[in-house]
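J.: After the structure tokens below, expect a handful of questions from me.
The values are calculated or read from the model by the stated rules, or taken from the named source; none is laboratory data. It should be emphasised that the depicted structure is a prediction, and the values quoted were computed from it without experimental measurement. No Cβ is skipped: glycine too gets one built from the backbone with ideal geometry, and neighbour counts run over all protein chains shown. To get the accessible areas, we keep the full protein, side chains included, count just its heavy atoms, and leave off ligands, DNA and RNA. Shrake-Rupley method; radii C 1.70, N 1.55, O 1.52, S 1.80 Å.
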Amino acid sequence: MEKAFKNEIKSQFPYLCSTRLLLAVSGGVDSVVLVHLCHSAKLDFALAHCNFNLRDEESDADEDFVTDLAKELKVKLFVENFDTEQYAKDIGLSIQMAARDLRYEWFDELRIKHQFDYTLTAHHANDSLETFFINLLRGAGLEGLSGINADSNKIIRPLLNFSRKEIEVYARDNNIAWREDSTNASTKYLRNKIRHEIVPIFEELNPQFLETFLKTQSHLKENEELVEDYMSLLYPKIIGKTKYGYSLDINYLKKVPNTSAILYQLLKSFGFTEWNDVYNLLDAQPGKMVFSTSHRLIKDREYLLLTEIDKTENKTYKIAKNEDFAMLPMGTFSFSRVKEITEKTSNCIYVDPEKLDYPLTVRKWQEGDIFYPFGMKGKKKLSDFFKDKKLSLPEKENSWLLCSGEKIVWVINQRADRRFSITSPDQKIIKITFSL
């Protein structure tokens, strides 16, 4: 296995030979063997061990074991203790998912802080098999069935082509000690249930099941790459960048084969789960929406508009008197006294300072807002003003107002209110400019 591992590094991960590596070590046979193989290959690495405090004295014994291993090999060791149960309770995750989040967040922090190039984990072929079954049970798409990535987001998994059996045989043949996690025998965890009860049935039917599975998964990976290539051709024809997100061309979507599958590929990373509702948006009335936890998809005439869910909807910001600049989340306001009106652009207005009541406020528009548009007679509802301008829903929702008391001074970057305009050439003038 040692020779095969070195060949794997040389052929698949040659860059590891000239980089600083952080090895994740639990104390189990997989990670301990990875440490010894990396040491044999003369790679430059340090160790990182997570104590999740889930197995009392057993967890502490794992930490002691890894500490001794680091001393034996004369490599640096990082150790972190986590209150995993409390974190899982606070976040609302399972213990396993909480431990995973804590582990990878800490690895990333270590890598950046101590300037490691990559983090190595000891995932192997059996892990990939078990993950396949887990994702199959959850109804995953092609990407969830095509295996654990060997190289993703600075995480390298160089043992994915080796089986658990090969790893254990190598450890025994080389008298390598390791720690056995007592929870690995428990079938209360889904992964363990698959390992101990499901996989043996397939192995009984086909003694070479793991090898057969890896071939199948390789084909799935190739198909996934083919889909990605196809999507890269379709993407610029369907997707457009907008000021507040993205637009999807409905007419083009309806022309391509397998429209629902195309929509899934385009939107899968935005957290949507109700895919029938997403597909039905194509023929829905304008204004119909579908939400994920972070985004929403809106039917708007000939397009589907993808935007992030707005978290500033009810916030109001104040600008005190005599401020020359006000830096706010939506942009920066500058106030300057001028003698005359010069440039006329959408991002600046000229107002009579005597008519302003401070502090000025900046807020989103609300249903029922009324203003007196500069250059027009009478008053107008903002909703009608937006309708006349044919603004999309995201454009309406991202319209900010500069207000003096209850009065609108400026529908920012769109139209000033004439009640604050300059009426005679000898008046004092304040120029208000807005920039992103």
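J.: Give me the extension gain from Asp117 to Glu80: residue separation times 0.36 nm, minus the current Cα-Cα distance, reported in nm with one decimal.
T.: Gain on extension, Asp117 to Glu80, equals 11.3 nm.
J.: I need the peptides 51-57, 300-306 ranked by packing, meaning the mean over residues of other C-beta atoms within 10 angstrom, with the highest value on top.
T.: So the peptides 51-57, 300-306, ranked by packing, come out 300-306, 51-57.
J.: Relative contact order (percent) for the range 38-158, with alpha-carbon contacts under 8 angstrom and 6 or more residues of separation?
T.: For the range 38-158, the relative contact order is 19 percent.
J.: Right, here's the next one. Out of residues 5 or more away from Asp357 or on other chains, whose amide H comes under 5 Å of its own, with H placed 1.01 Å from N in the peptide plane?
T.: Gly405
J.: Tell me, in nm to one decimal, what length is gained between Glu203 and Glu367 on full extension, where the rule is 0.36 nm per residue of separation less the Cα-Cα distance? Can you show the working numbers first?
T.: On the way: separation 164, 0.36 × 164 = 59.04 nm, distance 6.43 nm.
Residue separation times 0.36 nm, minus the Cα-Cα distance, leaves 52.6 nm.
J.: Something else now. Between the range 120-159 and the range 208-222, what is the separation of their alpha carbon centroids in Å?
T.: 12 Å
J.: Distance from a point 7 Å along Cα→Cβ of His39 to each backbone N in the range 141-173: keep the residues under 16 Å and list them by number.
T.: It comes to 170-173, nothing else.
J.: For the range 94-237, max minus min Cα coordinate along each principal axis, in Å, sorted largest first?
T.: The Cα atoms of the range 94-237 stretch 56, 47, 33 Å along the principal axes, largest first.
J.: Per-residue HN-Hα couplings for the range 222-232, Karplus 6.51 cos²θ - 1.76 cosθ + 1.60 at θ = phi - 60°, whole Hz, x for Gly and Pro?
T.: 5, 5, 4, 5, 5, 4, 4, 5, 5, 5, 5
J.: At Ser383 and Tyr15, where each label point lies 7 Å from the Cα along Cα→Cβ, what is the point-to-point distance in nanometres?
T.: 5.5 nm
J.: Can you give the relative contact order of the range 295-436 as a percent, counting alpha carbon pairs under 8 Å and 6+ residues apart?
T.: 32 percent
J.: From largest accessible area down, sort Val351, Val75; use a 1.4 Å probe on the protein chains.
T.: Val75, Val351
J.: Oh, and also: Each residue of the range 398-408 in turn: what ³J(HN,Hα) in whole Hz from Karplus with 6.51, -1.76, 1.60 and θ = phi - 60°, glycine and Pro shown as x?
T.: 9, 8, 9, 10, 9, 10, 10, x, 8, 8, 7
J.: Working out 0.36 nm times the residue gap between Leu93 and Asp108, then minus their Cα-Cα distance, what length gain in nm do you get to one decimal?
T.: 3.4 nm
J.: Check each of the GluC sites (Glu not before Pro) in the range 330-401 and keep only those in coil by DSSP with at most 12 other C-beta atoms within 10 angstrom; list them in order.
T.: Glu340, Glu343, Glu367
J.: Given Cβ point charges of +1 (Lys, Arg) and -1 (Asp, Glu) and nothing else, what value in debye, to the nearest 20, does the dipole of the range 1-126 about its Cα centre take?
T.: 860 debye
J.: Now for a separate question. What does the charge dipole of the chain about its Cα centre add up to, to the nearest 20 debye, if the Cβ of each Lys and Arg holds +1 and the Cβ of each Asp and Glu holds -1?
T.: Here the chain has a charge dipole of around 2660 debye.
J.: With an 8 Å cut-off on Cα pairs and a minimum separation of 6 or more residues, tell me the relative contact order of the chain in percent.
T.: For the chain, the relative contact order is 10 percent.
J.: Can you find, among Leu253, His196, Ser182, the residue sitting farthest towards the positive end of the charge dipole of the range 182-253, where Lys and Arg contribute +1 and Asp and Glu -1 at Cβ?
T.: The listed residue farthest towards the positive side: Ser182.
J.: Related question: Match the structure shown to one of the listed values (1) 156; (2) 194; (3) 214 of volume of the Cα convex hull per residue in Å³, computed from it, and give that label.
T.: Comparing each candidate, only (3) matches the computed number.
J.: Assuming R0 = 22 Å, can you tell me the calculated FRET efficiency for the pair Val338 and Arg419, based on Cβ-Cβ distance, to the nearest 0.05?
T.: Numbers: r = 20 Å, r/R0 = 0.90.
Given R0 = 22 Å and the Cβ-Cβ separation, E is 0.65.
J.: Quick one: which residues, 5 or more positions from Asn413 or on another chain, have an amide H under 5 Å from its amide H? H modelled 1.01 Å from N in the peptide plane, none for Pro or chain starts.
T.: none
J.: Then there is this: Which ³J(HN,Hα) values in Hz, rounded to whole numbers, follow from the phi angles of the range 51-67 under the Karplus curve 6.51 cos²θ - 1.76 cosθ + 1.60, where θ = phi - 60° and Gly and Pro get x?
T.: Those phi angles translate into 9, 7, 6, 10, 10, 6, 5, 5, 5, 5, 5, 4, 4, 5, 4, 5, 4 Hz.
J.: Would you calculate a helix-derived [θ] at 222 nm for the chain, using -39,500 (n - 2.57) for each DSSP H run of n ≥ 4 and dividing by the full residue count, to the nearest 500?
T.: On the way: 16 runs with 168 residues, N = 436.
Calculated from helices alone, the mean residue ellipticity at 222 nm is -11500 deg cm²/dmol.
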